[in-house]
Amino acid sequence: MESNPIPELLPGTLYLLILRTLSRGPLHGYAIVKRIKDASREGLRIEDGSLYPALNRMLVKGWLTSEWGVSENHRKARFYKLTPRPQTARQRGG
């Protein structure tokens, strides 16, 4: 019996999922993955190898900011949040 395969994300979809998830407030990486997984009824699985590079690209693009804090299980974690007004590379001088 073949298991139900996890669908591949189209380019840009992960960005949209992250932006939508963070629209409710700052979260650390594990919480972002968990919210996406829960919202999709476990239909989407985001791997660390995809999530963290995407978050870093979004930081560089000016879509997100981050700061270190302590997670709900008392571990040091990097919390990501939406910038008030995302900037384009042109606005940043790039």
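Read-outs: derived from the displayed coordinates by stated rules, not from any lab. Worth saying up front: this structure is predicted, and the values here are computed from it rather than measured.
Annotations
- Estimated at 0.36 nm per residue, the fully extended path between residue 48 and residue 19 surpasses their Cα-Cα distance by 8.8 nm.
- Straight-distance candidates among the lysines for linking to residue 61, with alpha-carbon spacing under 23 Å and chain neighbours fewer than 8 residues away dropped: 81.
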